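Values quoted throughout were computed directly from the atomic coordinates according to the rules given, and no laboratory measurement underlies them. Remember, it's a predicted structure, so these values are computed and weren't measured experimentally. Here Cβ is always computed from backbone atoms with ideal geometry, including for glycine, and neighbour counts include all displayed protein chains.
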Amino acid sequence: MPTGEYTTFRRHDADGVAQIVFDSPPLNLVTPTMIQELTHLLEALGTDDQIRVVTFDSANPDFFIGHADLNLFLGSRAVIPPKGNTLNPLQSLLETLRTLPKATIAVLDGRAVGIGPEFLTSCDMAFASDRSVLMQFEVAMGVLPGATGSQRLPRLLGRMRALEVILGCDELTADVAERYGLINRALPAAEVRPFAMRLAKRIATFPADAIALNKVAVDAADHLPIGLGLLEEAHTLNQTLVSGEAQRRMKAFLDMGAQTVEFEKHEFAVSLDKLQAA
């Protein structure tokens, strides 16, 4: 699906960053069309060698993405189907997002309800304005957050806080969401987008394989005992070290003056941004 054919969001690429802006009035509801378009988008991004970072934002000042269209779940269901061995479409979509070999950053400035927090927590990072609100409401409907929420939230928040969020069906302010670990940071509305974009552009100057392999190593901590996780860490490190780009960057850093006292104290951090062009 070409970029210009998306109807529920816009895509703009610049400097290694794909900026995705949801724009499906009035609520940015998650409809079959949005699910299909996001699926195509993630497939395209996964193989796009020019993109290293993906940001998600909204053109709507009040809604990030809305909850899933409730009409998707209506209808008589008299029989419980057998337990499946494949993910449902929303789980599959968000797992594809979580494991995308790019850095993903969500910017929340408004409401994220239902699948909204599930989308945010499937990104690698999420930053919210201080006016933002997050909520899981599914239990009040008689169901549960079935787009990864019942599994992702306990891993991020711990069991007790996850159950408070899921069973309470209450609005969470950005400061509480930050304290609980649902988002990275709560920032003033005027600062959240500049902060996220500065971070996105900085990450986009780093090697693509290092970004992807660091995600593999970090994600191993979710499902492996520490011993096996450390073995995965060593393996992914070895994969980065065979990269000619890694060798080039380390040599360039030494040539800039690394491992001298003055450089390490005053030039280290700013010089990291120069390595792409060095």
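The table below lists the values:
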quantity	calculated
Fluctuation leader among MET160, MET34, MET135 - the chain, Gaussian network, Cα springs under 10 angstrom	MET160
Percentage relative contact order, segment 129-219, counting C-alpha pairs under 8 Å, at least six apart	34 percent
Net lengthening on full extension, GLU5/ALA59 (0.36 nm per residue, minus Cα-Cα)	17.7 nm
Kirkwood Rh (inverse of mean 1/r, distinct Cα pairs), segment 81-155, angstrom	13.2 Å
The chain: most fluctuating residue of ARG185, ARG52, ARG111 per GNM, C-alpha cutoff 10 Å	ARG185
Backbone N within segment 86-118 under 17 Å of label point (7 Å from GLU171 Cα along the Cβ vector)	108-117
Choice from VAL107, VAL30, VAL143 with maximal GNM fluctuation in the chain (Cα, 10 Å cutoff)	VAL143
Relative contact order for segment 3-203, counting Cα pairs under 8 Å that sit 6 or more residues apart, in percent	19 percent
Directionally averaged shadow of segment 202-272, computed from the convex hull of its alpha-carbon atoms, nm²	5.7 nm²
Along each principal axis, Cα extent of the chain, largest first, Å	69, 43, 39
Segment 8-164: Cα Rg divided by the 2.2 N^0.38 Å rule of thumb	1.04
Virtual spin-label span in nm between HIS40 and ALA78, 7 Å along Cα→Cβ	3.9 nm
Length released on extending from ASP48 to LEU70, taking residue separation times 0.36 nm less the Cα-Cα span	4.6 nm
Lys pairs under 20 Å by Cα in the chain, provided they are eight or more residues apart or on distinct chains	7
Whole-number D in µm²/s for segment 131-232 (Stokes-Einstein; Kirkwood sum over Cα pairs; 4 °C, 1.567 mPa s)	81 µm²/s
Value of [θ]222 nm, deg cm²/dmol, for the chain, DSSP H segments ≥ 4, -39500 (n - 2.57) each, nearest 500	-14000 deg cm²/dmol
In segment 137-201, GluC sites (Glu not before Pro) in a DSSP loop with at most 14 other beta-carbon atoms within 10 Å	GLU171
